[in-house]
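K.L.:
So that we are looking at the same thing, I have put the structure below in structure tokens.
The values are calculated or read from the model by the stated rules, or taken from the named source; none is laboratory data. Remember, predicted model here, so these are calculated numbers, not experimental data. Glycine also receives a Cβ, built like all others from the backbone with ideal geometry; neighbour counts cover every protein chain displayed. Keep in mind that these areas ignore ligands, DNA and RNA; they rest on the heavy atoms of the full protein, side chains included. Shrake-Rupley method; radii C 1.70, N 1.55, O 1.52, S 1.80 Å.
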Amino acid sequence: VLIILYLKLFHKSMHKNIRHLQPVANIKIIFAIILSLFSVYLFFAGTLFGIVLLGAALKLSLREGFELNLEEKKYRNVYSIFAINFGFWKKLPEIEYLSVFKTIKNSRSRVIAAEATLGFEVFKVNMFYNRNQHIEAYVSDEMKDAFSVAKHIATILDLDILDATKPEKEWISVTSHS
């Protein structure tokens, strides 16, 4: 009986909030935990270098993402550090459709006096409202992952998806209204 009650409550809360966080490599998490423990040791040993290391550990464990609260019709950009989530809630406008598109994310790399700008392909999921305004819901290095998140959100919000990853844009219907 307790298991059934737990599953019903868990199932209900699953549909109330949608949260998608960017994945982080396991090695980064392990390194962040080790660095955190070492920084606490250094802090209690009397050196302030522990605070610097703790900052680096927190940066390594930072995951960014997006959360929708369907019950209250709000959304927020989420920053998660060691599974603790931060972010300010905003009112969710009336979303018209989702779009998945490909773009280039630039990354700057510096070594002493040399600097290079590297670009790599990412896929973004945007929620459009008021015809041309948008909220960025998700960014991924993989097209399959971006479409998976877009289909999840579209199914819950009963929306269509515009596939803008190719030159010929295509509408994808994952809802029952079309």
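K.L.:
Grab the strands (runs of 3 or more DSSP E) fully contained in region 17-133, keeping just those with 3 or more residues being under 30 Å from residue 159 (Cβ atoms) and open to solvent by 80 Å² or more (accessible area, probe 1.4 Å). If you could, list the steps in order and put the result at the bottom.
P.N.:
Working: elements: 17-21, 62-69, 74-81, 84-86, 97-111, 114-129.
In region 17-133, 97-111 are the strands (runs of 3 or more DSSP E) which contain 3 or more residues that are under 30 Å from residue 159 (Cβ atoms) and open to solvent by 80 Å² or more (accessible area, probe 1.4 Å).
K.L.:
Residue 177 fails exactly one of the following numbered conditions: (1) loosely packed, with under 11 Cβ neighbours inside 10 Å; (2) modelled with pLDDT of 85 or more. What is the number of that condition?
P.N.:
(2)
K.L.:
Next question, about the same structure. Could you list all residues from region 154-174 that are assigned to a helix (DSSP H, G or I) and out of contact with any Leu (no Cβ under 6 Å at 6 or more places or on another chain)?
P.N.:
So the first thing to find is which residues in region 154-174 are assigned to a helix (DSSP H, G or I), and the list is 154-157.
Passing the criteria: 155, 156, 157.
K.L.:
Before we move on, is residue 168 modelled with pLDDT of 85 or more and either of a type in the set (S, T, N, Q) or exposed (fewer than 11 other Cβ atoms within 10 Å of the Cβ) (or both)?
P.N.:
Details: modelled with pLDDT of 85 or more: yes; either of a type in the set (S, T, N, Q) or exposed (fewer than 11 other Cβ atoms within 10 Å of the Cβ) (or both): yes.
Considered against the rule, which asks whether it is modelled with pLDDT of 85 or more and either of a type in the set (S, T, N, Q) or exposed (fewer than 11 other Cβ atoms within 10 Å of the Cβ) (or both), residue 168 comes out as yes.
K.L.:
Can you tell me which residues in region 137-153 are in a helix (DSSP H, G or I), open to solvent by 70 Å² or more (accessible area, probe 1.4 Å) and farther than 19 Å from residue 67 by Cβ?
P.N.:
143, 144
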